[in-house]
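Trainee: Before I ask anything, let me first share the structure, which is written out below as structure tokens.
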Amino acid sequence: MAEQKARPDSRAGPDNAEPLLSLKGLTMGFRTDEGSFIALEDVSYEVPKGQTVGLVGESGCGKSVSVMTAMRLLPSPPAFIRSGQVVFDGRDLLKLVPESMRHIRGNRIGMIFQEPMTSLNPTFSIGFQMREVLRIHRSLKRKEADELCTDMLAKTGIGAPAQRLKQYPHELSGGLRQRIMIAMALLCGPDLLIADEPTTALDVTIQAQILELLKELQQDLQMSILMITHDLGVVAESCRYVYVMYAGCVVESAEAERIFSEPGHPYTRGLINSRPRIAEKREWLKTIPGMVPGPDNRPPGCNYAERCERCTEQCRQEQPQFVQYDHKQAVACWNPYP
Amino acid sequence: MFLFLAKRFGASGLIVIGITFITFLLSYFIPADPVRMLAGRSATQETVESIRHQLGLDQPLPVQYLKYLGRLVQGDLGRSYKQKTQVAELIASRMPATLKLLVGAIFFEVLFGIPAGIFAASRRGRKADNLAMIASFVGVSAPQFVVGLLLLWVFAYKMALYPLGGYGGLSHLILPAVTLGITGGGWYSRMMRSSMVDVLQQDYIRTARAKGVRESAVVLVHGLRNAVLPVIAMIGMDIGFFMSWTVVVESVYGWPGIGQLTWQSIQVIDTPVIMGVTLVAALAIVIGNFMADLIMPLIDPRLRVR
Ligand SMILES: Nc1ncnc2c1ncn2[C@@H]1O[C@H](COP(=O)(O)OP(=O)(O)OP(=O)(O)O)[C@@H](O)[C@H]1O
Ligand SMILES: [Mg+2]
């Protein structure tokens, strides 16, 4: 906050492709009883048409908040937006009237959440909850709607889909519930799917299946995916381009391959090094020492300075500029790895 | 489902037996000698003893209890000391008035309380929320006789819209029912609000919004179905409560319900009537809860198993 940064201009983006969704300089925060704090600072990223873009970072860095803000799902108060735009298909979502926003949610942008166990309404049948989407956005007869729902459930690899429609969430496992969430999000054939850590709460084999499923569906349906995760493995699997967030800021953006081969920001490097690799012996992960500064005690300089192995005096005093390496990579760091 | 019903029914049966035991004991804790009440002050020791024997009060407690149970099974609640009629008849004669008032009161409680609670929860922390909660606080803390007299004065006396008390049809029922609705509705709005506030923070509410569900439907469809359960339980409790505790409103409006009967019999320590009314009220609570238990699984499928 010490000085104005020119981050949006120097943003590297997924090349040539026209962005479907772009966050531009989004700064927002929360007002709580103890005072207000900034949760996202000048966050910019874009998702091009038909591609999968990853958003990674440790817990609490603002990944979910950034998409919730974009979808206007955060109640205000406590959330407030200070500046920025969320442009989707040429329109700023933050300026839409609620009624227009409603036509985008679930219709042009589908969303799946971190918590499959609690994201479905326990008192309504799966069928009701799925048909509801179609009732809102499409005018279909009940029978046609049911057919579409069973088709979509089948596509997500759910057996006996017609029976599932009659079931209730508590009768299903977490993996199944997440598949149903995916099916529900895709019912209207959205242009963009926001997948907020879709596999975090699931066990490993189910994780792999869900990721594979998303990949297939993307190719089938020609949609864009914004994949939020704190797992770089997921990124390596499925993303073309990646944004790395740290303590409410985007600190690096690069093509997925580049992120792994030549990470520029020390934080990105730290993330990559702390990944468990099965090939290596059971030497425990190298974790990044220190803690993420809370939203209420961010330093004047770089947020990562305290934990950084390359930290200098400048890092403590001044916020780093976003530096564009080439169109494939940009880093916000005073001393990036070459 | 059948097993569930059977279990519930069995549990209710046990509770009822427990209650009969308590009402039976009640007659020993009430500080009045029923024999003296019957025989009068000037009766000789002999008369007293013979009445005691007639009533079976000289037999051991367990025997007395079993006899009491035996009479209950036949619908015999004993005979009022004062009015010299069967307690069962006395209660039955008051039952229509009490049931009318009960239905009316719950209707208005729900009518006032639930919308206010939903409204407040969906505008949590804003002015409308504060206003609704102040209103509910006033409703909860206002004494029933004040509200009753006020309504009576405004709507019956000044505006002459309703009769000035007494028992009768709908026009007689409305003011006493509204009085109970105002004073009880405050509890409903609080319960509804806190339950709804809790539900509106759940993940599935966010999912509903992300699907493009209209905000009104988010609250009234997705929210309400989850938030209404504690309110249903509360209605179940109220069925029992209103069976015996509407005495203030009954007095203000001259409504001949069980509440007044209770009050009168407490004043003259008419033990059989007190026992009978207590038993009926307790039974009503059991029935009310039983009904709530039956309805809740219809709303929440998770309650259908077990
Ligand atoms: N409703 C809220 N009120 C106040 N603060 C909030 C609210 N929601 C999120 N925050 C704060 O915003 C910050 C970012 O949270 P966010 O949920 O976006 O993290 P995340 O990157 O998604 O982490 P995770 O991997 O755990 O999901 C956190 O510090 C969190 O405490
Ligand atoms: Mg999150």
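The values are calculated or read from the model by the stated rules, or taken from the named source; none is laboratory data. If you're wondering where the values come from, they're calculated on a predicted model, not measured in any experiment. Here the Cβ is made from the backbone with ideal geometry for all residues, glycine too, and neighbour counts use every protein chain on show. Remember, those area values only see protein heavy atoms, side chains included, never the ligands or the DNA or RNA. Shrake-Rupley method; radii C 1.70, N 1.55, O 1.52, S 1.80 Å.
Trainee: A:H170 passes all but one of (1) under 26 Å from the mean Cα position of the chain (by Cα); (2) assigned to a helix (DSSP H, G or I); which number fails?
Mentor: Condition not satisfied by A:H170: (1).
Trainee: Taking the range B:142-161 on its own, how many of its residues are touching a residue at least 40 places away in the same chain (Cβ under 8 Å) and assigned to a helix (DSSP H, G or I)?
Mentor: Of the residues in the range B:142-161, 5 are touching a residue at least 40 places away in the same chain (Cβ under 8 Å) and assigned to a helix (DSSP H, G or I).
Trainee: Only one of B:V273, B:V305 is crowded, with 20+ Cβ neighbours inside 10 Å and either modelled with pLDDT of 90 or more or β-branched (V, I, T) (or both); which?
Mentor: Step by step, each of B:V273, B:V305 is checked, and only B:V273 is crowded, with 20+ Cβ neighbours inside 10 Å and either modelled with pLDDT of 90 or more or β-branched (V, I, T) (or both).
Trainee: If you don't mind, another one. Across the range A:315-324, what is the number of residues that are more than 12 Å from A:Y304 (Cα to Cα) and touching a Lys or Arg at 6+ places or on another chain (Cβ under 9 Å)?
Mentor: Total meeting the criteria: 3.
Trainee: Looking at the range B:221-306, what helices (runs of 4 or more DSSP H) fall wholly within it and have at least 2 residues that are within 14 Å of chain A (Cβ to nearest Cβ) and not small (G, A, S)?
Mentor: B:224-227, B:229-244, B:271-299
Trainee: Shifting gears a bit: Given the condition within 14 Å of chain B (Cβ to nearest Cβ), within 10 Å of ligand 1 (Cβ to nearest atom) and open to solvent by less than 20 Å² (accessible area, probe 1.4 Å), answer yes or no: does some residue in the range A:28-51 qualify?
Mentor: So far as the range A:28-51 goes, no, none of its residues is within 14 Å of chain B (Cβ to nearest Cβ), within 10 Å of ligand 1 (Cβ to nearest atom) and open to solvent by less than 20 Å² (accessible area, probe 1.4 Å).
Trainee: When only residues in the range A:62-98 that are within 14 Å of ligand 1 (Cβ to nearest atom), touching a residue at least 40 places away in the same chain (Cβ under 8 Å) and hydroxyl-bearing (S, T, Y) count, which is farthest from the other protein chains (Cβ to nearest Cβ)?
Mentor: A:S66
Trainee: Given the conditions (1) more than 24 Å from A:V331 (Cα to Cα); (2) free of Cβ contacts under 8 Å to residues at least 12 places away in the same chain, and given that A:E257 satisfies all but one, which numbered condition is not satisfied?
Mentor: That leaves (1) as the condition not met.
Trainee: Could you check the range B:225-253 and list, in sequence order, the residues that are within 26 Å of B:I19 (Cβ to Cβ) and charged (D, E, K, R)?
Mentor: B:D238, B:E250
Trainee: Out of the range B:198-212, which residues are part of a helix (DSSP H, G or I) and either of a type outside the set (D, E, K, R) or facing chain A (nearest Cβ under 10 Å) (or both)?
Mentor: Within the range B:198-212, B:V199, B:L200, B:D203, B:Y204, B:I205, B:R206, B:T207, B:A208, B:R209, B:A210, B:K211 meet the criteria.
Trainee: On to the next question. Return the residues of the range A:108-118 that are assigned to a loop (DSSP other than H, G, I, E, B) and either more than 7 Å from chain B (Cβ to nearest Cβ) or under 17 Å from B:A217 (Cα atoms) (or both); say none if nothing qualifies.
Mentor: Residues satisfying the conditions are A:R108, A:Q114, A:P116, A:M117.
Trainee: Being among the small types (G, A, S), open to solvent by 50 Å² or more (accessible area, probe 1.4 Å) and within 14 Å of chain A (Cβ to nearest Cβ) narrows it down to one residue among B:S141, B:S216, B:S195, B:S171; which is it?
Mentor: Checking each option against the conditions leaves just B:S216.
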